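Single-structure report; data block below.
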Amino acid sequence: ARLVVLVSGSGTNLQALLDAIAADPAGYGARIVAVGADRDGVAGLERAERAGIPVFVERVKDHASRADWDRALAEATAAYAPDLVVSAGFMKILGKEFLARFGGRTVNTHPALLPSFPGAHGVRDALAYGVKVTGCTVHFVDDGVDTGPIIAQGVVEVREEDDEAALHERIKEVERQLLVEVVGRLARHGYRIEGRKVRIS
Ligand code: GRF
């Protein structure tokens, strides 16, 4: 399967996918054909370049409107003809133009146990709430914010001494493994989305 991965930051989830593919190119069942970002100069783009993977950047501020940006991102993505789009630490909401083309085959990873703590500060919100366990969620993207059908989740205990950074780092250890496992399964097997359920054959 052809993957386009979207990043906004350090790209450690992207790196986990790159490493899993490099470790077993034939067996993993997918390859990353391009990496896209909403901003320049992020480590995620450097990781792609080091791996010899084409990159593209679409910044909201370069476009007359959010809808224009969304369309440009969809077109830049479509140029690589992905089977699956992976939003891995991508910090923009994908709009209806993007989802018209890639809905049902775009997955996102979120560092909390959805539906709890959606949005850009899931780790901070969980910590502030005082939960004893949190974790990460890999889900299909729908037209809401972190509301699409859930594919898999991983649980992470919250420790007394945790601050946001420490907790997020521990979540990311689980999240990277979960994302690699889910993307590989979706790539190697067919899947169907039935309402809020995901069936991977
Ligand atoms: C991940 O935890 C992702 O869920 C969240 O931001 C983090 C991105 O990490 N949105 P990275 O860029 O993959 O290192």
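Details
- Contact order relative to length of segment 91-201, as percent, for alpha carbon pairs under 8 angstrom and 6 or more apart: 24
- Size-normalised alpha-carbon gyration radius of segment 98-140, reference 2.2 N^0.38 Å: 1.35
- Kirkwood Rh and Cα Rg combined as Rg over Rh, evaluated for the chain: 0.95
- Sequence ranges 150-159, 10-19, ranked by mean other-Cβ count within 10 angstrom, highest first: 10-19, 150-159
- Extents of segment 95-201, taken as max minus min of Cα coordinates on every principal axis and listed largest first, are 42, 27, 19 Å.
- Principal-axis tilt of helix 164-188 within the chain, Cα atoms, nearest 10 degrees: 50
- Set of aspartates and glutamates with alpha-carbon distance to LYS132 below 17 Å, sequence-local pairs under 8 removed: GLU157, GLU160, GLU161, ASP162, ASP163, GLU164, GLU169
- Principal axis analysis of the Cα atoms in segment 20-80 yields extents of 43, 22, 13 Å, listed in decreasing size.
- Scanning residues 5 or more positions from ASP142 or on other chains, those with amide H under 5 Å from its amide H are THR147, GLY148, with H placed 1.01 Å from N in the peptide plane.
- Accessible area of segment 30-159 belonging to carbon and sulfur atoms, whole % at 1.4 Å probe: 51
- Here segment 90-126 and segment 1-41 have alpha carbon centers that stand 17 Å from each other.
- Relative packing of peptides 56-62, 21-27, 44-50 - highest average C-beta neighbours within 10 Å first: 44-50, 56-62, 21-27
- Environment charge at VAL123 (Cβ cut-off 11 Å; Lys +1, Arg +1, Asp -1, Glu -1): -3
- 20 Å cut-off, amide nitrogen to a point 7 angstrom out along ALA165 Cα→Cβ, residues in segment 36-70: 42-44
- 1.4 Å probe accessible area per residue over the chain, in Å²: 47
- Peptides 28-40, 184-196 ranked from most to least packed, by the mean per-residue count of other Cβ atoms within 10 Å: 28-40, 184-196.
- Amide H contacts of PHE56 (H built 1.01 Å from N, under 5 Å, at least 5 apart or other chain): VAL35, GLY36, ALA37
- Residues GLU46 and ARG66, FRET efficiency given R0 of 30 Å [Cβ-Cβ distance, rounded to 0.05]: 0.65
The values are calculated or read from the model by the stated rules, or taken from the named source; none is laboratory data. Worth saying up front: this structure is predicted, and the values here are computed from it rather than measured. Backbone-built Cβ (ideal geometry, glycine too); neighbour counts: all protein chains shown. For the accessible areas, the whole protein counts, side chains as well, though only heavy atoms, and no ligand, DNA or RNA atoms are used. Shrake-Rupley method; radii C 1.70, N 1.55, O 1.52, S 1.80 Å.
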